[in-house]
Structure formats: structure tokens, C-alpha cells
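K.L.:
Here it is, the structure in full.
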Amino acid sequence: MSASEVELDGEKLKGIRDTGLDDATLHGYLSKTWKTPDGLYGWLATVDHKRIAHRYVVTAFLFLVLAGISALVMRFQLASPEAGRVGPDLYNQLFTMHGTTMMFLFAVPMMEGFAIYLVPLMIGSRNVAFPRLNAFSYWVYVSGGLMIWVAFAFNTGADAGWFSYVPLAGPEYGTGKRPDFWAQMVTYTEVSALAVAVEIIATVFKQRAPGMTLDRMPIYVWSALVMAFIILFAMPAVMVSSTMLILDRLVGTQFFNPASGGDVLLWQHLFWFFGHPEVYIIFIPATGFVSAILPAFVRRPVFGYLGIVLSLIGIGLLSFGLWVHHMFATGLPQLGESFFTASSMMIAIPSGIQIFCWIATIWGGRPALAVPFLFVLGFIVTFVIGGLTGVMVASVPLDLQVHDTYFVVAHLHYVLMGGAVFPLLGAVYYWFPKITGRMLGEQLGKWNFWLVFIGFNATFFPMHILGLQGMPRRVYTYPLESGWGGTNLFVSLCSLALAAGFGVLFLNVVLSLRRGRLAGDNPWGASTLEWATTSPPPSYNFPRIPVVDHREPLWKNAEVLPVAEGLRIDAREVMVGTVADAVPQIRQPSADNSIWPFLAAIAVGVAFLASIYTPWAVVWGSLPVAVTFIGWFWPQAIPEDEE
Amino acid sequence: MDKLRCAGGIGALAVLLSGCSQWQSALHPQGGGARAILGLIWLFTAVSVVVWVLVVMALAMAVLHRRRGQQAGEPLVMDRRREQNFFRVVVTAVAVTVAVLVGLTFASFLTGKSNAALNGEAFTIHLTGHQWWWEARYQLDGQSDIVTANEIHLPVDLPIRVELDSADVIHSFWVPSLAGKRDLIPGRPSAITLLVEKAGTYRGQCAEFCGYQHAHMAMTVVAESRSAFDTWVARQRLDALPPKVDEARRGQAAFLGTGCALCHTIRGTPAAGAVGPDLTHLASRGSLAADTLPLTRGALAAWIADPQSIKPGARMPSIALSADDLNAVVAYLEGLQ
């Protein structure tokens, strides 16, 4: 290696390019350039998208466990009528924390984490766009999550539902600081989600490998792109509404006070304008998982690429036109009812197109019943039920009977667990080898699948019937005479099987990390670029940037993948190309490790936290934020400038 | 064969559902609105079952159907004619989906329209939601109004207008046997029409999360013949009868003297509080504390002695009464027929 350094020394001012270098030399330079320093500093300062994504996924799973435990405690209370195991105060905090955590701290960050990990690898780039923003987004997310759970530990857990309707969460009826913690947690996670959305859009549009035109982009990358756009347009609505809520509570504004000309329904419109697209922020990347997993196990490309991509975009657009179906019981004009019924039903069309295309894919392929594929099958079987009950609640008269009952609890879990968690678990089994270098155990995987599949259906299907029998949601107990006791006991018992399924998953992960079979680069014989590099990938992802001439690059070029050359290897650079055709345009410097995003996140976090107690925190808190941002953006002497 | 299976599935589901209790259930409609909606529920359920069975069968066949010699592991070579066939099948399936959705949307629209067409109301009930009980004011014929709580009486076969409002947070009025729910939103009064077909007692429950005791915010709707209803109205219009026995008289004094009267009204006495439910004809009701307890002597005593252990967070405070006073107050309230 030293020999090649000497040889290239004369060119150092212009930077060292990867042109014509042998693999060992290339690896030497690249691993030095893209290295994350050892020790605590490196841990805090890294901007490697894989390490950050890793953290996102692990943290989101921890929040899943917390939210899952909350659910089990609720099921313990509901197992028998008029039980006194959990009082109303704790119960209300539990279901609020369960919903809030699942939506804001588990599902969305989990999908973002996977996107941050997979997108650069799938499009053949070395890092996401804006790597420091990426690091910042994780620290902001984790501080928001920690804050609301620490508050819960001190009996200040949010207790007005994950939707925090006013006036119940407003200044008059929201007790203590509970709704304030909720509102600020939303602000934290929204800031981080918006940051991730911006990164993903820029990465997908500008950093694709040469030749990866938009119509050669893997469907998963399309789904991440659509997810990012939905985040971009939906999240501001909830940031605005949660800020208005905290202003009402803290400085006496009257946005939601009807006595002063405010409007309590304004909250619902703003919240659901975000809240409904939120479901698709979770669901769309999950369908992307399905489209990514399927080809590897049926040995053919997904049928109907164009139809699926258009469906994803269609769902993304339509998701903004149906928020009012969460508000049918507030009373709407007949025309409004008809409009939102029709728009809500319409979203079943693109979802249906995807399902039909997947079934055609399986039909035309040669299925191998490996664990990721089992989860895909489980997804289709359960998600279709959730989709059909979705059509039911889209009907205004029907919804007026089942709204806010256990029917809707069943529906939303079929959509979110069936529609997103099943593909997610499939994705864990599918990409675990890439992320860790080891396979997850197949046998435990099957236990995992069947426990989750049977446990899930046995837990949630009976809830449809409970809802029709009149059991409302969010009740901490119910009378003996209701006759709901038997079904509730059955549901509570089955929830243990579901929990055991997740226990098996975690056991499998722990065992496989140590003893799992070594995976190799491409254990599933898959076709997309992330399988072209080692498992786990090196810090720089690819030694040479691949050139793409087909939708399934690794199937087309089974022997040798064509590569592009010319990037610098003594400084961090990524290749930037045109939006539609990915024709290389420039070599773009990529930010190096930095401690500033971490410090900035601390400053932002402290300012948000303090603003729960005094509005002046916004004023004084902006000073440290400004300092850390100045440090972050301080101009670097980029070697390229010396040319 | 498909159809047979589906019919079997629907049958099994129907048996499962009809085996359930008749308590506060959308499956046992006794009012025009709820009956129409139940028809819609069955229509949607039947269509859903058919669709689900077809999708799962297609999926099962896709996984299991026999395949001719292909190399395991190698990516398959696409056959153009086969892909075109898939395209035709998928397009057909999408077209059928669209047609089914249009049909369901239309059915939903017709049901909504017929439910909205109920009118010609005989009189109006103002229902106000409170944390965590219901206040009902009847506006009958210009004479003095009736005020009651947590139990409303209606004549059968007569459309009644129910105006909804809230005194604090959002609640939702829902009597599943009679009609779909409608929210009670502070600052946004609204109204629905109820039409009960059959005499009986129906339970309703708040359906919008409203705080600590959302679970214990229920109510009773008593539907009865016109004559029984008129008798009830006549009684409710009267002031409370003065207590007849000594114990009840002591109870009245204790009621008026210990703070109960600050929150509750008993017409015909100085008690005129407007915070809690009107108790003028408490003993004519079937239950207590928004249908949390049956209205019995023991339940009444337990509720007055320690409301916070029965309904934690309820706005009713525990008032320190001696055992004698407690019994006397219970005796007095029991006489408020």
C-alpha cells in the first residue's frame, strides 16, 4: 500500500482517484477516508448511514417492546369485567403511550431507519445526502422518545390519547404537564422525520448509480421516495397543531377555545390531515419490503413494475384526501360525507393493484417457502382483511356504528400489523444477513412466524365482534352484564402468544448474532445492488460505483458488475447525477464525521424540553442552538478547492 | 364451489354474531337508523368475505400450483405470452374491484340519505354531555321543561329530535340499538333524529374518549307507549314530593345542610345546584352514576359514602356523613319518585 501512496504522491493536490487502482489499494484508501473513529467520540460523531440506521432500528424495536408491554398490561386489566388491576389514571396513560409510541416512536422511525440503511446501498451510493443532518435526526428522535417515557416513569405520562383531542388535552382539562410532554414529543419526532425525508428525497433523486434511470429504480426505493414526500407534506400539519396546542396551554392563545372564537374541530382537521397520511407513511415502505422480498423467493422480477410504482404514487396522493373519515361522527354535510366516502373507498384500488400484481408474481415464479416469504404470505392474508374493514369504515352510516369501538381497534391493527409489521418482520429476516453478516435461524424463524400469525389473528379478529356488540374503545373496564367478558379473556390470553412470537424474534436475533450461519454477499441470490457488496458492507459501501443497465442488475450481470471510476478516494465524495436518467454530473464532497450534530441535537432537545415549562426557553434556548449550528456549518477547507 | 364456501363462511359468522348478548349491540337494532345500518353491515361483510376468500384462494393456488421443469435457484426467463395473460387477469381483477367499490359506495349513500330523511319530529330533547354524565332537558309543548339525567324516556314510533351539546370536553352519544353515534362538541351544537320501533330499555354509552371515567359514562333510553310516556312526563313535571317519614325528613335536612345542595337540584326544595345531575325524581330512574350502579338502597349508600372508590376521578366528592345521616339521606333520596 505504501508503494502506491508514493506512486500517487505527485497527484495529491488534485486528490487521488480510484481509476486503475487494484482492489487492496482501493480498500486501503477508502476505509481510511470513510472510517468512523474508535471510542466514544466516534460513536457520537459518526455520519455513516449504516450505523445511524442501525441505531434507528434498534431504538425503534426498544420502543416497540415498551409499547407492547403497555398493551399487555391493558389486556391484563381487560381480561375480566369490572377488574381493578389497573385504575383509570394509569390505564389512560397506558393506551396513550401505547398509541403514541407505536405511531411516532416505533413505526415511522423504523421505516425511516430501514430507508436510511437500504436506499444508498440499493442505488449504489456511499452515503445519504446530508449525512450530518442524518446524525442530527437520530439524536433528536431518541431524545424525544426518552423524554416522554421518562415523564411516564414519573407519572406524567400523556393521557389524552395518541390524538390528544382538545379540549381534553387543552389548558382547562389536560392535567398537569402531561399533554405538554406529548405535544413536545411530537415536535421532536417530526423534526427528525422531516430531516430524514429531505435526505431520502435528495439521495434518491441525485445519488443514483450511473444508468439507474427512474424506471430501473428498485420498487423499494420508489416506496421510500413516496414515503419521504408524504412525510414532507403531512408532518407540518401536526407540527403546527401541536405547537398551537402548547401555545394554548403555555401562553394563553385561544386557537382551540370556542368561548374565545377558537374551534375544537380545527384540531381534528389538522391532526388527521397528518394522521391519515401517517398510516401510509408506515404502510407504503412496508409494501416496498414486499416488492423487494418477493423476487428473491420466487426467482423472477415483480410483475407489473409500472402498475405498482403508479399505485404507490397514487396512494401517496390519495392519502391526503381522506382525513375526514376519522371525523364522520362529528356530523358533516351530506355532500362532504359522500366525497370522503368515495375518496376513502378509492384508495382500495391502488392497494388492490399491488395485491393482484404480487399474486401474479408468485404465480409466475417458483416460490421457496423461506421465512421472509412466509411473512409476505401472512401479510397478504391479514392485510386484505384490514383493507376490507377499511372499506367498511369508509361508509359513513356504517362507520357511525363502529367508530370508536373495538371494531376499529381490530381494523387498525389488521392494517398496521398485518400491513406493516408482517412485511417488517419479513424485512428483518431478509436483510439481517446483509446488516450483520449472519443468517437468522430458520427454525426459530418459523416459530416466530406461526406464533405471530396465529397470535395476531386470534387476538385481533374477535375484536371486530366486540365492536359490533357495542364495546367502545379506550375504556378501562366494562360491566359484567355486557357479556363481553368471555371474548375479552380469550383476546387477552391470545395476546400472550403474540408477545411470545416477538420474544422468539429477539431470541433468534441474539442467538444468530453469535452463532448464525455466515451469510456471504448474496445469500438469497437477490437481484438488487445492496447484495453486490460484502455482508456487512464496508464503511464506503462499494469499492467502485456500480453501473446499472437493467432493473435487476445482479441477475443481468451474474458474473461481473460493470463499474464507474473517477471518484476521489482520499476525501469523501459521492457521485451526483441527473434526476431522471442518473447521468453523472459532478463529484460531490460528502460530509465527514462531526460531533456538532450531536451537540446541536442536545441544544435543540434542551430548548424543547424547557419550553414545556416556560416560553422564554424558546428565546434563550435558541442561543446554544445557534452556537452549535455555527459550529456545524463552519466552512471546511475542502481539498477540492485547492485545485 | 367458491360460492358454497362463501355462503358457509357467512353462515358461520352470522351464527357467531347472533349468539351474542343483546346488551348495547349494533347487531340488535330497534330503531330505524340502526336497522338500515345493520343491513349495510351485512352487505359489506358478505362482499368482504367473498373477496377475501377469492384472494386467499388465488394466493394459495399461486403458491401451490404445479410447475414444469425449471432450474431451482436460477432467475426465471419471462415468457411474454404468459405475462400478457397475467396482465389481462390483473386488469380484470382491478375492474371488478372498481365495480364492487362503486356499488358499495352507492349502497352507503342510499342508507345515509334514508337515515337523514327522518323528520317531522314531535318534540326536542337537549342532551348535554358532562364529565361523566348526561343532562337531558325536554322541550315538549311550551310548558315548563323537564330536566333529568342519565335516563331518557321516548314514545315509540315517533321521531324525536335530540340536540347535542357539551359542557366541557367532546363526548359522543351512542345508543347502538337505535342509531349511529354523533359527537357532542363544545361550541358546535348539533342534532340527530331518533325513531324507536319497539318498546324496551336500551343502553347507550359515551363513545368519544373524555377523560378518567369515560368507561362509566353510560345512559339508558326507555322507549314506551305514548300513554306510558305521557304519564312519565306528567310525573317528571311535578316538584319533588315532601318526605313523609321522619327518617326521610332528617335526610332532607342533612342533604340541604351538608353541601349536597351546592351541586344538585331537587325542585320544590331550596336545593338548586347546577353542577351535578338533577335529583328531583332520582328514584324513578333505574340506575345511578351514569349507569355505573343499579339504583338500590345499598348502591345509593355506597355511592354517597365513597364515590371515589366506585368511580375514581368522578366530580362528586366524598362528604363526611355520620352513619345515621347517611341512612337518612338514602331514605330521603329513595322517596324521590
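K.L.:
Do we find that residue B:177 is crowded, with 18+ Cβ neighbours inside 10 Å, part of a loop (DSSP other than H, G, I, E, B) and within 11 Å of another protein chain (Cβ to nearest Cβ) in this structure?
P.N.:
Against the criterion (crowded, with 18+ Cβ neighbours inside 10 Å, part of a loop (DSSP other than H, G, I, E, B) and within 11 Å of another protein chain (Cβ to nearest Cβ)), residue B:177 qualifies.
K.L.:
Something else: Taking the stated definitions as given, is residue B:58 without any contact (Cβ under 8 Å) to a residue 24 or more places away in the chain and either closer than 23 Å to residue A:343 by Cβ or at the interface with chain A (Cβ under 7 Å from one of its Cβ atoms) (or both)?
P.N.:
Taking the combined requirement at face value, the residue satisfies it.
K.L.:
In region B:162-174, how many are within 7 Å of another protein chain (Cβ to nearest Cβ), in a loop (DSSP other than H, G, I, E, B) and under 10 Å from residue B:207 (Cα atoms)?
P.N.:
Total satisfying the criteria: 1.
K.L.:
Within the set of pairs 6+ apart or on separate chains, which have a first residue in region A:65-88 that is polar (S, T, N, Q), a second that is in a helix (DSSP H, G or I), and C-beta atoms under 7 Å apart?
P.N.:
Between residues of region A:65-88 that are polar (S, T, N, Q) and residues that are in a helix (DSSP H, G or I), the close pairs are A:70/A:94; A:70/A:97; A:70/A:98; A:77/A:91; A:80/A:485; A:80/A:489.
K.L.:
Quick one: in region A:251-300, of everything that is more than 13 Å from chain B (Cβ to nearest Cβ) and among the polar types (S, T, N, Q), which residue is farthest from residue B:189 (Cα to Cα)?
P.N.:
So the residue we want is A:291.
K.L.:
For region A:234-274, enumerate the residues that are surrounded by fewer than 19 Cβ atoms within 10 Å (Cβ to Cβ), under 18 Å from residue A:323 (Cβ atoms) and touching a Gly at 6+ places or on another chain (Cβ under 9 Å).
P.N.:
Of everything in region A:234-274, just one residue is surrounded by fewer than 19 Cβ atoms within 10 Å (Cβ to Cβ), under 18 Å from residue A:323 (Cβ atoms) and touching a Gly at 6+ places or on another chain (Cβ under 9 Å), namely A:263.
K.L.:
It is to be established whether one or more residues within region B:91-110 are crowded, with 22+ Cβ neighbours inside 10 Å, within 21 Å of the chain's Cα centre (by Cα), within 14 Å of chain A (Cβ to nearest Cβ) and hydrophobic (A, V, I, L, M, F, W, C).
P.N.:
no
K.L.:
For the condition within 18 Å of the chain's Cα centre (by Cα) and farther than 30 Å from residue A:543 by Cα, what is the one hit in A:91, A:117, A:173, A:141?
P.N.:
Every option except A:141 fails the conditions.
K.L.:
Follow-up question, since we're still on this one. Taking the condition of being within 19 Å of residue A:23 (Cβ to Cβ) and within 14 Å of another protein chain (Cβ to nearest Cβ), how many residues in region A:525-553 meet it?
P.N.:
Qualifying residue count, region A:525-553: 1.
K.L.:
Condition test on residue B:250, is it over 30 Å from the mean Cα position of the chain (by Cα), basic (Lys, Arg), surrounded by fewer than 20 Cβ atoms within 10 Å (Cβ to Cβ) and more than 14 Å from every other protein chain (Cβ to nearest Cβ)?
P.N.:
Yes; evaluated as a whole, the condition is true for this residue.
K.L.:
Still on this structure, please answer the following. Restricting attention to region B:184-217, and to residues there that are more than 8 Å from chain A (Cβ to nearest Cβ) and small (Gly, Ala, Ser), which single residue is surrounded by the most Cβ atoms within 10 Å (Cβ to Cβ)?
P.N.:
B:204
K.L.:
Looking at region B:289-313 only, could you name the residues that are touching a residue at least 60 places away in the same chain (Cβ under 8 Å) and in contact with a Ser or Thr (Cβ under 9 Å, 6 or more places away or on another chain)?
P.N.:
Scanning region B:289-313 gives B:291, B:311.
K.L.:
Evaluate the following for residue A:579: is it surrounded by fewer than 17 Cβ atoms within 10 Å (Cβ to Cβ), under 27 Å from the mean Cα position of the chain (by Cα) and farther than 30 Å from residue A:178 by Cβ?
P.N.:
yes
K.L.:
Still on this model: Take the conditions modelled with pLDDT under 85 and in contact with a Leu (Cβ under 6 Å, 6 or more places away or on another chain) and apply them to residue B:73. Does it pass?
P.N.:
no
K.L.:
Where residues in region A:478-511 are hydroxyl-bearing (Ser, Thr, Tyr) and surrounded by fewer than 20 Cβ atoms within 10 Å (Cβ to Cβ), which of them is nearest to residue A:443 (Cα to Cα)?
P.N.:
A:492
K.L.:
Quick one: count up the residues across region B:111-125 that are within 10 Å of chain A (Cβ to nearest Cβ) and among the aliphatic types (A, V, I, L, M).
P.N.:
Count: 1.
K.L.:
Let me ask you something else. With the structure loaded, tell me whether residue A:229 is at pLDDT 95 or above and in contact with a helix residue (DSSP H, G or I) (Cβ under 7 Å, 6 or more places away or on another chain) or whether it fails that test.
P.N.:
It is true that residue A:229 is at pLDDT 95 or above and in contact with a helix residue (DSSP H, G or I) (Cβ under 7 Å, 6 or more places away or on another chain).
K.L.:
Being under 24 Å from residue A:278 (Cα atoms), touching a residue at least 12 places away in the same chain (Cβ under 8 Å), away from every other protein chain (no Cβ under 14 Å) and of a type outside the set (A, V, I, L, M, F, W, C) narrows it down to one of A:413, A:464, so name that one.
P.N.:
One residue alone meets the criteria, A:413.
K.L.:
Got a sec? Which helices (runs of 4 or more DSSP H) wholly within region A:283-365 have at least 3 residues that are more than 20 Å from residue A:390 (Cα to Cα) and touching a residue at least 40 places away in the same chain (Cβ under 8 Å)?
P.N.:
A:305-318, A:348-363
K.L.:
On to the next question. Considering each residue of region A:89-109, count those that are buried (at least 21 other Cβ atoms within 10 Å of the Cβ), within 10 Å of chain B (Cβ to nearest Cβ) and over 24 Å from residue A:281 (Cβ atoms), and give that number.
P.N.:
Residues meeting the conditions: 2.
K.L.:
Residue check, residue A:535 against (1) under 25 Å from the mean Cα position of the chain (by Cα); (2) modelled with pLDDT under 95; (3) crowded, with 22+ Cβ neighbours inside 10 Å, all met but one. Which one?
P.N.:
It is condition (3) that residue A:535 fails.
K.L.:
Being closer than 17 Å to residue A:298 by Cβ, within 7 Å of chain B (Cβ to nearest Cβ) and at pLDDT below 95 is the filter here, so list the residues in region A:364-400 that pass it.
P.N.:
A:364, A:365, A:366, A:367
K.L.:
Moving to a separate point now. Of all residues in region A:208-233 being assigned to a loop (DSSP other than H, G, I, E, B) and touching a Pro at 6+ places or on another chain (Cβ under 7 Å), which is surrounded by the fewest Cβ atoms within 10 Å (Cβ to Cβ)?
P.N.:
This residue is A:210.
K.L.:
Let me ask you something else. Are any residues in region A:7-54 at pLDDT below 90 and either of a type in the set (Lys, Arg) or within 23 Å of residue A:129 (Cα to Cα) (or both), and if so, which ones?
P.N.:
The answer is A:12, A:14, A:15, A:16, A:17, A:18.
K.L.:
Let me ask something additional. Take region B:208-257 and flag every residue that is farther than 19 Å from residue B:313 by Cβ and in a loop (DSSP other than H, G, I, E, B).
P.N.:
Across region B:208-257, the qualifying residues are B:225, B:238, B:239, B:240, B:241, B:242, B:243, B:244, B:245.
K.L.:
Checking residue A:419 against (1) buried (at least 24 other Cβ atoms within 10 Å of the Cβ); (2) among the small types (Gly, Ala, Ser); (3) within 7 Å of another protein chain (Cβ to nearest Cβ): exactly one of these is not met. Which one?
P.N.:
Condition not satisfied by residue A:419: (3).
K.L.:
Quick check on region A:471-485. Is at least one of its residues more than 14 Å from chain B (Cβ to nearest Cβ), outside any loop (DSSP other than H, G, I, E, B), among the hydroxyl-bearing types (Ser, Thr, Tyr) and touching a residue at least 24 places away in the same chain (Cβ under 8 Å)?
P.N.:
No, every residue in region A:471-485 fails to be more than 14 Å from chain B (Cβ to nearest Cβ), outside any loop (DSSP other than H, G, I, E, B), among the hydroxyl-bearing types (Ser, Thr, Tyr) and touching a residue at least 24 places away in the same chain (Cβ under 8 Å).
K.L.:
To continue, here is another question. Regarding residue A:403, is this residue closer than 24 Å to residue B:181 by Cβ, at pLDDT 95 or above, crowded, with 23+ Cβ neighbours inside 10 Å and at the interface with another protein chain (Cβ under 7 Å from one of its Cβ atoms)?
P.N.:
Yes, satisfied.
K.L.:
So is residue A:493 closer than 30 Å to residue B:289 by Cβ and part of a helix (DSSP H, G or I) or not?
P.N.:
no
The values are calculated or read from the model by the stated rules, or taken from the named source; none is laboratory data. The shown structure was predicted, so the numbers you read here are calculated from the model rather than taken from an experiment. We place every Cβ from the backbone using ideal geometry, glycine too, and count neighbours over all the protein chains shown.
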